[in-house]
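Structure first, then comments.
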Amino acid sequence: MLQNSDLFLNAVEKDSLDLAFQSSGIDQCVCGNIFGPRIRRYYLIHFVLDGFGVLQIEEKKYPVKPGQAFLIPAGVNAAYQADFRHPWKYCWIGYQGTQAGYYTSLLFGDGFVTDIQDVTLYEKMIMKFLAFTDRRIPDGARFTPEDFPLTFFSEAKNASGHLKLNGLLKEMFSSLVAEHHKDQEDISSAPYPKQIKAYIDRHYNEHMQIQDIADYLHLNPHYVTAVFKQKYFKTPKQYLTELRIEKAKIYLVDTDYSLQVIANAVGLENPFSFSRLFKSVTGYSPSEYKKRFPNWFS
């Protein structure tokens, strides 16, 4: 197995970027090999080059075959297992960021498995990721267990490596989105509910009001609330609150930042209002949550 990761930024810092590389790799699995069940804080896409296997999301299973990609979303309990007779060979990419969910939805919609026109294209891209951090891998190399009998791990630890890997990640997503013909030239051409959601996703860490969204889209604030609720079955304010709380959970678990810093990071002015809101939504105070879920994403 070949695998690499980016250690230049921590997980919280990566979450603040629009799209951030987490890890990549390639492997020929043994019969029946299983990973999980596990909850990850980042998204994970596997491209199946050969063989078969099964993806399990929560309690539902999805068979996967060569020429397909399967998704493990962030924050979801998932497992995947290689077939016992013809185990899969796959390569994978892990990523996160404020727009990770949006870009992923362009590829998978509401599903977890999608067809890929040419998975070998993404195999070559993954090998570029790996060759950049591991000089033992020659440029243009193909992975076979015979050529790489050991498990090789490598990391990017400096700014140039971080930037290079994130550039390759965006190049990969450009190819994936173009292939699935779901790209939009401009978010302004999307229906209003998606534009509202995109605005909230970009500005949740600011002192934002519904009027700000209405002014941005030149709409009445009541109309903003109505069309968003019709699409997502919650108001923009409810969605904003949920998003802020989910981001705050990550800061509480993964950092030692003060409540003042965390409150400001999710768009709230003071730690007292943040603590009240957090407890009203989760049932725990921030300090209680931090003690109760110290390794939520491990």
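Quick rundown of the values:
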{"item": "Selection within the stretch 33-56 - of a type in the set (Val, Ile, Thr) and either within 23 Å of Lys247 (Cβ to Cβ) or modelled with pLDDT under 90 (or both)", "result": "Ile39, Ile45"}
{"item": "Number of the exception - Ala159 against (1) surrounded by 11 or more Cβ atoms within 10 Å (Cβ to Cβ); (2) at pLDDT 90 or above", "result": "(1)"}
{"item": "Members of the stretch 1-26 that are of a type in the set (D, E, K, R) and closer than 22 Å to Asn77 by Cβ", "result": "Lys14, Asp15"}
{"item": "Residues of the stretch 252-274 satisfying the condition of being at pLDDT 85 or above and surrounded by 17 or more Cβ atoms within 10 Å (Cβ to Cβ)", "result": "Leu252, Leu259, Ile262, Ala263, Asn264, Ala265, Val266, Gly267, Leu268, Pro271, Phe274"}
{"item": "Extreme residue, farthest from the chain's Cα centre (by Cα), among residues of the stretch 200-232 that are over 23 Å from Thr98 (Cα atoms) and outside any helix (DSSP H, G or I)", "result": "Asn220"}
{"item": "Residue match in the stretch 4-17 (condition: over 15 Å from the mean Cα position of the chain (by Cα) and buried (at least 22 other Cβ atoms within 10 Å of the Cβ))", "result": "yes"}
{"item": "Cβ pairs under 7 Å, 6+ apart, first in the stretch 107-121 and modelled with pLDDT under 95, second β-branched (Val, Ile, Thr)", "result": "Leu107/Thr114; Leu107/Val177; Phe108/Thr114; Val119/Val48"}
{"item": "Qualifying residue in the stretch 233-250 (condition: farther than 26 Å from Ser275 by Cβ, in contact with a Phe, Trp or Tyr (Cβ under 7 Å, 6 or more places away or on another chain), hydrophobic (A, V, I, L, M, F, W, C) and outside the structural domain of Gly101 (by TED's automatic domain parsing))", "result": "no"}
{"item": "Qualifying residue in the stretch 40-56 (condition: in contact with a Phe, Trp or Tyr (Cβ under 7 Å, 6 or more places away or on another chain), surrounded by fewer than 16 Cβ atoms within 10 Å (Cβ to Cβ) and not in a loop (DSSP other than H, G, I, E, B))", "result": "yes"}
{"item": "Any hit, the stretch 102-119, residues being surrounded by fewer than 17 Cβ atoms within 10 Å (Cβ to Cβ), among the charged types (D, E, K, R), under 20 Å from Lys170 (Cβ atoms) and not assigned by TED's automatic domain parsing to the domain that holds Asn205", "result": "yes"}
{"item": "Qualifying positions in the stretch 106-159 - over 18 Å from Leu7 (Cα atoms), outside any strand (DSSP E or B) and polar (S, T, N, Q)", "result": "Gln117, Thr120, Thr144, Thr151"}
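The values are calculated or read from the model by the stated rules, or taken from the named source; none is laboratory data. If you're wondering where the values come from, they're calculated on a predicted model, not measured in any experiment. Backbone-built Cβ (ideal geometry, glycine too); neighbour counts: all protein chains shown.
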